[in-house]
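See structure below.
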Amino acid sequence: MNTEHLNPDSETLAHRLATDGNYRVLRAVPRPYFDPPKGAPPDARCVALIDLETTGLDPASDHIMELAIMLVWVDENGEVMNHAAPRIWQEDPGIMIDPRITWLTGLANHQLIGKSIPDDTVLAMLNRADLLVAHNALFEIAWLERRYPQIAGAAWGCSMKDIDWLRAGMDGRAQQWLLAQEGWHSTAHRAGDDVWSLFWLLQQRRSGWGADPERTHFKRLLEGADRTTTLVHATGSPIGKKDLLKARQYHWNASASVWEKEIEPELVDHERAWFYRSGLPEPTLGTMTAHERHR
């Protein structure tokens with residue numbers, strides 16, 4: 001991993017502080033760097049890291065202001081073989097931006113006048129990738145599939161949910177906090193900075209708890225995204241059972257009007273037995289992969 005941006009004299013001081021339990025040292029993530037590949041891209045899996053900045057939370061009524069995509073090629077061990085530079089585009093939302101959004105992102109109306117996102121270029125990059133990844137994929141999927149229905153059903157990974165961060169020896173799931181636990185800090189809430197810092201976070205490697213072996217977080221992400229799980233629907237469950245289902249970590253799917261939960265296939269028989277003991281109708285089961293997950 002490239003750490004040439006770090007000042008040697010400051011590093012001497014940082015090492016001294018790091019040995020004192022009263023201090024915690026965070027190093028700045030370097031600015032994006034890119035070594036143009038020679039020849040064709042490597043024969044490896046292509047992952048698109050994606051981040052959006054928007055005028056609000058509702059893709060039906062709010063607008064995209066900034067989009068960043070970074071293509072990364074990783075091998076089967078989750079090691080980076082090569083990467084492209086982050087591509088960043090801005091777009092005039094055509095409405096007045098809430099001042100609180102400007103305070104959060106630094107994006108104001110006067111900066112975006114006349115700007116637009118090149119949809120053909122974005123689609124080409126999204127279609128090039130084998131896996132689309134965001135640090136809250138549920139959010140990005142809602143916006144991008146609305147704008148680009150051509151990618152509906154694409155395989156997605158979520159670096160927030162597809163990695164068992166607790167088992168990896170870390171607490172919380174916010175990107176900046178995870179980065180800090182690995183000893184780094186960066187600017188947040190700008191799309192380009194966020195995809196680059198996610199790229200940096202996923203390259204970090206460590207051992208987790210128990211039998212969780214040392215590997216990169218990219219490897220953990222690919223393992224989580226590639227797994228096939230079972231989606232359990234509590235079809236026909238009485239309304240009086242909702243608290244029981246919530247206590248068992250079922251979530252309400254408003255669009256399907258059903259309580260549901262994703263579990264590992266080996267737990268299906270155990271879950272069926274719980275439904276029987278709880279006086280619930282036989283659950284409906286479905287298969288969940290990266291093509292259905294996070295939607």
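Any residue in the range 100-114 that's under 14 Å from TRP89 (Cα atoms): show its pairings with residues that are open to solvent by less than 70 Å² (accessible area, probe 1.4 Å) and not in a loop (DSSP other than H, G, I, E, B) at Cβ separation under 8 Å, as long as the two are six or more apart or on different chains.
LEU107/GLU53; LEU107/MET65; LEU107/GLU66; LEU107/GLN90; LEU107/ILE101; GLN111/GLN90; LEU112/MET65; LEU112/GLN90
Quick check on the range 184-202. Is at least one of its residues without any contact (Cβ under 8 Å) to a residue 24 or more places away in the chain, under 26 Å from THR55 (Cα atoms) and among the hydrophobic types (A, V, I, L, M, F, W, C)?
If we filter the range 184-202 for residues that are without any contact (Cβ under 8 Å) to a residue 24 or more places away in the chain, which is where we start, we get 187-188, 193.
Next, only the ones that are under 26 Å from THR55 (Cα atoms) stay: 187-188, 193.
Among the residues that remain, those that are also among the hydrophobic types (A, V, I, L, M, F, W, C) are: 188.
Taking every residue of the range 184-202 in turn, at least one turns out to be without any contact (Cβ under 8 Å) to a residue 24 or more places away in the chain, under 26 Å from THR55 (Cα atoms) and among the hydrophobic types (A, V, I, L, M, F, W, C).
Please work out which residue is least open to solvent (accessible area, probe 1.4 Å), limiting yourself to the range 88-127 and to residues that are in contact with a helix residue (DSSP H, G or I) (Cβ under 7 Å, 6 or more places away or on another chain) and within 30 Å of GLY224 (Cβ to Cβ).
Among residues in the range 88-127 that are in contact with a helix residue (DSSP H, G or I) (Cβ under 7 Å, 6 or more places away or on another chain) and within 30 Å of GLY224 (Cβ to Cβ), the one least open to solvent (accessible area, probe 1.4 Å) is LEU126.
When SER10 is evaluated against the numbered criteria (1) out of contact with any helix residue (DSSP H, G or I) (no Cβ under 7 Å at 6 or more places or on another chain); (2) outside any helix (DSSP H, G or I); (3) open to solvent by 20 Å² or more (accessible area, probe 1.4 Å), which criterion, by number, is the only one it fails?
So SER10 meets the others, but not (2).
Could you please give the count of residues in the range 246-289 that are farther than 11 Å from THR230 by Cβ, open to solvent by less than 30 Å² (accessible area, probe 1.4 Å) and of a type in the set (D, E, K, R)?
Counting residues in the range 246-289 that are farther than 11 Å from THR230 by Cβ, open to solvent by less than 30 Å² (accessible area, probe 1.4 Å) and of a type in the set (D, E, K, R) gives 0.
Can you tell me how many residues within the range 64-80 are within 23 Å of ALA191 (Cα to Cα), over 16 Å from the mean Cα position of the chain (by Cα) and open to solvent by 10 Å² or more (accessible area, probe 1.4 Å)?
Residues flagged as within 23 Å of ALA191 (Cα to Cα), over 16 Å from the mean Cα position of the chain (by Cα) and open to solvent by 10 Å² or more (accessible area, probe 1.4 Å) within the range 64-80 amount to 3.
The values are calculated or read from the model by the stated rules, or taken from the named source; none is laboratory data. Bear in mind the structure is a predicted one, so any value in this text is a computation, not a measurement. Positions of Cβ are backbone-derived with ideal geometry, glycine not excepted, and every protein chain shown enters the neighbour counts. Calculation scope for accessible area: heavy atoms of the full protein, side chains included, ligands and nucleic acids excluded. Shrake-Rupley method; radii C 1.70, N 1.55, O 1.52, S 1.80 Å.
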